[in-house]
Amino acid sequence: MPDSRPRPPDDHAADAANGRESSALTLCGARLTDGRIVDVRLAGGRIEAVGTAGSLTAPAARIDLRGHLLLPAPAEPHAHSDTALTADGAGPGSPGPASHLPEEIQRRATEAALLQLGHGATALRSHVRIGDVQGLAALEAVLQARRSLRGLADLTPVAVPRLLTGIAGADGLAMLRDAVKMGAGAVGGCPDLDPDPTGYAEAVLEIAAEHGCPVDLHTDSDDPARLARLAAMAGGLRQGVAIGPCGGLSRLTREAAGRAADQLAASGVTVICLPQGGCCGVERRGTAPVRLLRAAGVRVAAGSGALRDLANPVGRGDPLEAAFLLASQSGLRAEHAYAAVSTEARRAMGLPEVRIEAGFPAELLAVRGEQLTGVLSLAYSRIVVHRGRVVARTSAVREYCDSETGGGPGLPRQARPESGPGGGP
């Protein structure tokens, strides 16, 4: 008998009404983090049933996931689509700086999202600069990329104005309101770069309250007094408030950082750290003190930040690498590190929770491996499921040559499981 039963059909009907209906798919023989080997049936963009291996026999397309660990898909809470993949176009020997024409931004934003989708991120939040000479062109380009990615990944832009205070900030305020009307899913920016950082944050929060949208701010968080004022203001906002990368907290004394963490926890602000490196808009490097924040009760998510732009020319945009760094450098347990790029990232983005149980969204990642620690160490082969269908596959096969002496070194081979009734991976 299946271990869990289908959700009532009204939720499936809602998915179909939104254009998300898809044919049924059964994932066969997948291992869960608790050690169970299960079949998982997907339909209508949701998990319809989970049962012991071989128990779900209803007609459906089938994928053999023997040898794979099945996980809730990660999400990317801190990307930069408008500047992604520009480092090679501005380095030594390049013909010139990367183009900022709207069509080029759209192309790079689409390519960057597909790269991150291949890593497993089925939802992405991207910070997009508005204002200056480009106005809203970059935002429109990223919105076009979002439309072209529909059905593959969900891309949500965050409008990031440069100045919001004083005479120079009047245009920024008007443009930020226009950006929300155009389709920006959140408002943000870099208060540290404004002459009045507190006034900047207050202006963003006011617009968020006015339009009912979440807030995601870039800040180094190296000023305890300024951070306390931000936490106090954010506490009264119903929409979610996230800040990051907050590397400056690691440069404060432990006592000051602890007080700041308590204030953030009390206000419900989420910290999005960037274990893989910095990003544009933050001058100094450093990683937020994740364990201190978690101990204080702060919700901590992890993002990738820059993807091969000038802020991080070697950025990979891989959520599993971010989780690996949280485990290896910040000392988090593997399950907590992965939660930072999946459960907590989705919560920070206002997305519904994903569990491998009937009724939850079919946003899944299958990685070759048996345990989460091994997956974070050697996450090569991946199968990505978005809205109940496979949208990306990465297959890595390692081979070794025979020993010259003929005896063979006895090295392990990466074997592919024998194909069975469920088909091959």
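The values are calculated or read from the model by the stated rules, or taken from the named source; none is laboratory data. From a predicted model like this one, the values you see are computed outputs, not experimental measurements. Reconstructed Cβ throughout: ideal geometry from the backbone, glycine too, with neighbour counts over all protein chains shown. In case anyone asks, the SASA skips ligands and DNA or RNA and just uses the protein heavy atoms, side chains included. Shrake-Rupley method; radii C 1.70, N 1.55, O 1.52, S 1.80 Å.
Just subtract the alpha-carbon distance of Lys181 and Ala168 from 0.36 nm times their residue separation and send over the number in nm, one decimal. Show your work: numbers first, answer last.
On the way: separation 13, 0.36 × 13 = 4.68 nm, distance 2.16 nm.
Here the answer is 2.5 nm.
Give the dimensionless ratio obtained when the Cα radius of gyration of the stretch 324-398 is divided by 2.2 N^0.38 Å.
The reported ratio for this selection is 1.17.
Taking K and R as +1 and D and E as -1, what net charge do the other residues with C-beta under 11 Å from the C-beta of Glu344 add up to?
It works out to a net charge of +3.
Would you mind working out the magnitude of the charge dipole of the stretch 167-297 relative to its Cα centre, with +1 at each Lys and Arg C-beta and -1 at each Asp and Glu C-beta, to the nearest 20 Debye? All intermediate terms of the calculation are to be shown ahead of the outcome.
Values: 12 positive and 15 negative charges, 115 e Å.
Taking the Cα centre of the stretch 167-297 as origin, the dipole is about 560 debye.
When you count, for each residue, the other Cβ atoms within 10 Å and take the mean per peptide, how do 289-298, 304-313 rank with the highest first?
304-313, 289-298
Cα axis of helix 169-182 to longest principal axis of the chain: angle in degrees, 0 to 90, nearest 10?
Taking Cα atoms only, the helix is inclined about 30 degrees.
May I ask for the angle, rounded to the nearest 10°, between helix 197-211 and the longest principal axis of the chain, with both axes built from Cα atoms and the value confined to 0 to 90°?
Approximately 60 degrees, to the nearest 10.
In Å², and per residue, what accessible area does the chain have when probed at 1.4 Å with the other protein chains present?
That works out to 44 Å² for each residue.
What is the percent carbon and sulfur in the accessible area of the chain, measuring with a 1.4 Å probe over the protein chains and ignoring ligands?
Result for the chain: 51 percent of the exposed heavy-atom area is carbon or sulfur.
Specify the angular offset, from 0 to 90 degrees and rounded to the nearest 10, of the alpha carbon long axis of helix 319-328 from the longest principal axis of the alpha carbons in the chain.
90 degrees
Identify the residues of the stretch 141-155 with backbone N under 17 Å of a label point that sits 7 angstrom from the Cα of Leu114 along the Cα-to-Cβ direction, or state none.
142-155
What's the center-to-center distance, using Cα atoms, between the stretch 52-84 and the stretch 202-265 in Å?
First find each Cα centre; the distance between them is then 33 Å.
What fraction, in whole percent, of alpha-carbon pairs in the stretch 31-83 exceed 18 Å separation? Walk me through the numbers before you get to the answer.
Numbers: 603 of 1378 pairs.
Across the stretch 31-83, Cα pairs with separations above 18 Å total 44 percent.
How much length is gained on full extension from Ala396 to Glu370, taking 0.36 nm per residue of separation minus their Cα-Cα distance?
Computed gain between Ala396 and Glu370 is 7.8 nm.
Once R0 is set to 25 Å, what does the formula 1/(1 + (r/R0)^6) return for the Cβ-Cβ distance between Arg355 and Ala209, expressed as a FRET efficiency to the nearest 0.05? Intermediate values should be presented prior to the final figure.
Numbers: r = 32 Å, r/R0 = 1.27.
Working from the Cβ atoms, E equals 0.20.
If I build a Gaussian network model for the chain, linking alpha-carbon pairs within less than 10 angstrom, which residue out of Asp216, Asp34, Asp178 has the largest mean-square fluctuation?
The residue that fluctuates most here is Asp34.
Given 0.36 nm per residue, what is the gain on full extension from Arg291 to Ser250 after removing their alpha carbon distance, in nm?
Contour length minus the Cα-Cα distance gives 13.7 nm.
Let me cross-check His100: its accessible surface, 1.4 Å probe, with only protein heavy atoms counted, in Å² to the nearest 10?
Spelled out: His100, probe radius 1.4 Å, area about 90 Å².
The stretch 139-192 to the stretch 267-337: how many Å between their Cα centroids?
Measuring centre to centre over Cα atoms gives 23 Å.
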